[in-house]
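Worksheet for the structure shown next.
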Amino acid sequence: MSPPPVPLSPALPAARWQVRLLGELSLQDGQRTLTRLPSRAAAALLARLALWPERAHAREELVELLWPGVALDVGRNRLRQTLSVLKQLLEAGGGTVILTERQHLRAAPGAFACDALQFEADCRAGRFEAARALYRGELLPGFYDDWVDDERMRLAALAEALPEARLAAPVPTGPAPLPAPWTPALPLYLTPAFGMAAARERLRQALRRQRLVSIVGPGGSGKTRLAVEGARELAEAGGDWPGWLLFVPMVQCFDAAQLVDRLLITLQLDSHAAEPLEQVRQALAGRTTLLVLDNLEQVAQPAAELVTELLATLPTLRIVTTTRQVLGVDGEQLLAVEPLPLPAAGDSAEQMVANPAVALFVDRARERRSDFHLNPQNAAAIGELVRLLEGHPLAIELAAARVRSTPPTQWVQLLDSARTQVALGRASSDTLALLARAGPRGAADTRHASMLQVIAWSWRLLDDGQRSLLAALAVFDGGCDAAAARAVAEPEASPARVQQTLDELVASSLIVMHEAPGDAARPPRFTPYEAVREYAAAQFDDAQRTAWRSRHRQWLCHLPTLDGPTPDLARLRHELPNLLLALASAVHDVQAAEAWAIVWAHRAALTDLTLPATGLATLEAALQATPEPALRLLGHAVLAAHGFEAGLHVAALAHADAALALIGTPAQVAQAPELPADLVDQRPEPLPAWAVGWALRVRMRVGQPMAEDDAWLLAALQSAEAVKADSLHARLLGLQASLIMRNRNDHAGAEPLRRRVLALWTGSGNRLRANEGRIALAINLGFQRRVAEQLVLLGEVEAEARALGQSRLLCFTLSVRGYCLGDLRRHAEALQAFHACLEEAVKALAWRELFYGLWNLPRALAHLRQPERAATVMGFAQAFFAERFGVLGPEDTREARRTRWLIALQIGWPATEAAWRAGAAMSLTQVLALALSKG
């Protein structure tokens, strides 16, 4: 039998062992007083069990806390040894003090009474004299473990908030006493804040204008810290704020009564009075007060009513609230917490040093690994990581907290994978759970213990309609407008109802609204935070997510019907991530035909865009999964055209040949399979002729011989003309004109065809194609040395391309303009045009247009007496074209000879050839730096 527990100190309850951790480490059991334990680990383990006696402590968690970073098997062995020694010491008198289980440890009931726990209980019960007596110093002096620091900081803040001891005196009348000024009333932070200076100034300015400021933002975005730092800054400014500052945490409040109770506790008033709210009003009456009400989203409606009443009756009161949910009170000034500024892709380590998001990650990572620092080797991964985390402060902190086991490169892989999984319907919250914090900080505020808990807290505050719409938004990549959200989430709902739900989700800080800059006519887009997207998708079953993905693809097919004759290229560029995602989801859901339906619906606009490598890979997979001959024909033609633009000339030619092989012979063009009836749209075009046109264009561009009266081309022309498919007819005539110019060098003979093509496209009302016709005619005029006419036409093309967002055509036009200016011997102006072409081409990832900018630039450089630079750039351009696009055409070959000869006149043939070879060995990054140099 163990001796019965006895109260050794009247300040602590009866227990087997009374444990003192404040100001010292000591234990008493009525017979012994221990001030030393066998090891530092034993002391830390004892403190852990005494501070949380009701908790089951996971062995793996204890290993990480006591021996951070140690191998798990080594840590388990150390824990067994430490536990054995501690049990022998504490259980020497008989009885069990520590209960051991396979996976957990826990304190036996009645084993420990801890001064730190009793101190906190006295503080919260208003027993301030008893609390002061217990707090004899900081927690566990001399221990600097992370979890000890966290708990030490929290208890120190409670001690500093204790009111000063008062002499016995008659109970005063009048307003109830307030706590001391801001220093004891505001939480203390031991870590530096990053990127908050501008927000603090906005808060200061808002408080000058308004009596109610609500700091709104998603969970973990830094709302509380901003409120505290802003209030502290007011106090430190002295005369700027002569009043009182009170901080009231409301996180555990769920109704109006609890809100008022929390105010009474903070103001040290009687919580059992008949009129509690009247007590609050009397305590604050006549005093200039700033009241910070923290975490109100779970009780937004009662909080709105309370705030309204207090402001209406207390004219000298100002209130700052922090909330994920807008209160909606008259006079409420919203101050949205923005994500931390992010580094640009490609920034160097030196450029990233001052970036707030990167600085936050590095600072918190150094808390876990003292040797961690930003360097050229990890800078790119850290930059990508904070971008994937969208500059969210808590997410960055949580990722940094695991830097010992999960370095930035691995985080990037995990987050990329999670995003892909959500996009394809394999939703999971595993990555959100990994973004977690262990230890007392996580236990003290479970809402912020992990990103999973952060979002779960907000999710519980939504109704079913809000949850459904939010989860449906997860099928979009890059967000959507209200009409798209309705089409996917709830087609039967009214637009007003969907708009209202979106507004509510914005007010709940779960999605963000983005207005199109400089385009008031374009509707705003709504985008869920990526972590919210991941969580929401995981809350619904596969059947519901599959239905949303199907509607998403249907919406994309329907989108072009909203256009007039000219496709909305700017909108499609915005929706390109959605289009790529829809193609991938069609393959994933074994609905490859729907991928081709999307491509066919957008064919008019996709002519002006280059699909990225991921899109081409998805279409290759869709082609492999497509058995229908007509859809396979479409697939080969699309992959031929877009593969060539992406610089994959070998694969593009293979697809072009495969498309013609599916048809058979030119005589069979009219009998080849057509598209299914449900894919035929408002611009009917015969698929076989359309496919032949793109296949022949690729064949011509890779240098294969072809006559202007090629049988395939004539058959396609006849088919398009028979059904009056004017746009297709014009494209085929343009191909014929190109062949005349290439084969016969007969530019004057091709001009009538060019003008006919322009007339057809102009008559169709399609401004994109009409502009394509203008640039083709301008090139024709240039070959005829009609430079003045060419320049006028080029000016029209450039203006229209900028207005329509034709990035590739704009690049090409700038290159042609530079060449034209060179013909006029205006070489400095030509150089500027080529530089503009290259800069636009890099932004648009327009590889063929990038080639022409590099190919034509050396002519201007040579005339400007920069021959070595000219030869180097042209050597690279020739190798670049051969690798990506095949054989140079005759005109380009002649251009190479003329430019090489001009360079050789200045530096001789050996130096010319050496610079040419050096350019061919360069990387694209190196040659662009050389080409764009102002020297």
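The values are calculated or read from the model by the stated rules, or taken from the named source; none is laboratory data. These figures come from a predicted structure and were not determined experimentally. Every residue, glycine among them, receives a Cβ derived from its backbone with ideal geometry; neighbour counts consider all protein chains shown.
Take residue 880 and decide whether it is out of contact with any Gly (no Cβ under 8 Å at 6 or more places or on another chain), closer than 29 Å to residue 704 by Cβ and in contact (Cβ under 8 Å) with a residue 40 or more places away in the chain.
Details: out of contact with any Gly (no Cβ under 8 Å at 6 or more places or on another chain): yes; closer than 29 Å to residue 704 by Cβ: yes; in contact (Cβ under 8 Å) with a residue 40 or more places away in the chain: yes.
Judged against the criteria, residue 880 is a match.
Provide a single number: the residues in region 672-728 that are under 39 Å from the mean Cα position of the chain (by Cα) and acidic (Asp, Glu).
2
Scan region 852-880 residue by residue and report those that are surrounded by fewer than 23 Cβ atoms within 10 Å (Cβ to Cβ) and either hydroxyl-bearing (Ser, Thr, Tyr) or touching a Ser or Thr at 6+ places or on another chain (Cβ under 9 Å) (or both).
868, 869
Going by the conditions given, is residue 732 within 47 Å of the chain's Cα centre (by Cα), at pLDDT 95 or above and not assigned by TED's automatic domain parsing to the domain that holds residue 823?
Judged against the criteria, residue 732 is a match.
Determine which single condition residue 757 fails, assuming it passes every other condition in (1) modelled with pLDDT of 90 or more; (2) exposed (fewer than 15 other Cβ atoms within 10 Å of the Cβ); (3) of a type outside the set (Phe, Trp, Tyr).
For residue 757, the exception is condition (2).
May I ask you to verify whether residue 649 is under 37 Å from the mean Cα position of the chain (by Cα) and within 28 Å of residue 711 (Cα to Cα)? Step through it out loud before you land on a result.
Working: under 37 Å from the mean Cα position of the chain (by Cα): yes; within 28 Å of residue 711 (Cα to Cα): yes.
Yes; evaluated as a whole, the condition is true for this residue.
Being closer than 16 Å to residue 544 by Cβ and part of a helix (DSSP H, G or I) is the filter here, so list the residues in region 460-483 that pass it.
464, 465, 466, 467, 468, 469, 470, 471, 472, 473, 474, 475
Of a type in the set (Gly, Ala, Ser), closer than 21 Å to residue 891 by Cα and touching a Leu at 6+ places or on another chain (Cβ under 9 Å): does that describe residue 833? First the steps, then the outcome.
On the way: of a type in the set (Gly, Ala, Ser): yes; closer than 21 Å to residue 891 by Cα: yes; touching a Leu at 6+ places or on another chain (Cβ under 9 Å): yes.
Against the criterion (of a type in the set (Gly, Ala, Ser), closer than 21 Å to residue 891 by Cα and touching a Leu at 6+ places or on another chain (Cβ under 9 Å)), residue 833 qualifies.
When you go through 625, 593 one by one, which is the residue that is under 19 Å from residue 555 (Cβ atoms) and surrounded by fewer than 21 Cβ atoms within 10 Å (Cβ to Cβ)?
Of the residues listed, the single one that is under 19 Å from residue 555 (Cβ atoms) and surrounded by fewer than 21 Cβ atoms within 10 Å (Cβ to Cβ) is 593.
Among 669, 638, 692, 698, which is the only one that is modelled with pLDDT of 90 or more and within 20 Å of residue 601 (Cβ to Cβ)? Don't jump to the end; show me each part of the working.
Details: 669 fails: within 20 Å of residue 601 (Cβ to Cβ); 692 fails: within 20 Å of residue 601 (Cβ to Cβ); 698 fails: within 20 Å of residue 601 (Cβ to Cβ).
Answer to the selection: 638.
Take residue 99 and decide whether it is buried (at least 17 other Cβ atoms within 10 Å of the Cβ), out of contact with any Asp or Glu (no Cβ under 7 Å at 6 or more places or on another chain) and not charged (D, E, K, R). It would help to see each step written out before you state the result.
On the way: buried (at least 17 other Cβ atoms within 10 Å of the Cβ): no; out of contact with any Asp or Glu (no Cβ under 7 Å at 6 or more places or on another chain): yes; not charged (D, E, K, R): yes.
Considered against the rule, which asks whether it is buried (at least 17 other Cβ atoms within 10 Å of the Cβ), out of contact with any Asp or Glu (no Cβ under 7 Å at 6 or more places or on another chain) and not charged (D, E, K, R), residue 99 comes out as no.
Can you tell me which residues in region 579-608 are under 25 Å from residue 474 (Cα atoms), touching a residue at least 60 places away in the same chain (Cβ under 8 Å), hydrophobic (A, V, I, L, M, F, W, C) and in contact with a Ser or Thr (Cβ under 9 Å, 6 or more places away or on another chain)?
580, 584, 593, 596, 601
Tell me the residue from 381, 349, 354 that is free of Cβ contacts under 8 Å to residues at least 60 places away in the same chain, under 16 Å from the mean Cα position of the chain (by Cα) and over 30 Å from residue 277 (Cβ atoms), please. Give the derivation first.
Numbers: 349 fails: under 16 Å from the mean Cα position of the chain (by Cα); 354 fails: under 16 Å from the mean Cα position of the chain (by Cα).
Selected residue: 381, the only one of 381, 349, 354 that is free of Cβ contacts under 8 Å to residues at least 60 places away in the same chain, under 16 Å from the mean Cα position of the chain (by Cα) and over 30 Å from residue 277 (Cβ atoms).
Sort out which residues of region 579-613 are in a helix (DSSP H, G or I), among the β-branched types (Val, Ile, Thr) and more than 27 Å from residue 566 (Cα to Cα), and write them in order of number.
So in region 579-613, the residues in a helix (DSSP H, G or I) come out as 579-588, 592-601, 603-606, 613.
Checking which are among the β-branched types (Val, Ile, Thr) leaves us with 587, 598-599.
Once the filter is applied, which keeps residues that are in a helix (DSSP H, G or I), among the β-branched types (Val, Ile, Thr) and more than 27 Å from residue 566 (Cα to Cα), region 579-613 yields only 587.
For the condition closer than 24 Å to residue 656 by Cβ, outside the structural domain of residue 663 (by TED's automatic domain parsing) and either part of a helix (DSSP H, G or I) or not polar (S, T, N, Q) (or both), what is the one hit in 761, 694, 712? Steps first, answer last, please.
Values: 694 fails: outside the structural domain of residue 663 (by TED's automatic domain parsing); 712 fails: outside the structural domain of residue 663 (by TED's automatic domain parsing).
The match here is 761.
So which strands (runs of 3 or more DSSP E) are wholly in region 98-188 and hold at least 2 residues that are over 45 Å from the mean Cα position of the chain (by Cα) and either over 27 Å from residue 227 (Cβ atoms) or modelled with pLDDT under 75 (or both)?
Working: elements: 98-100, 104-107, 112-114.
Of the strands (runs of 3 or more DSSP E) lying wholly inside region 98-188, those with at least 2 residues that are over 45 Å from the mean Cα position of the chain (by Cα) and either over 27 Å from residue 227 (Cβ atoms) or modelled with pLDDT under 75 (or both) span 98-100, 112-114.
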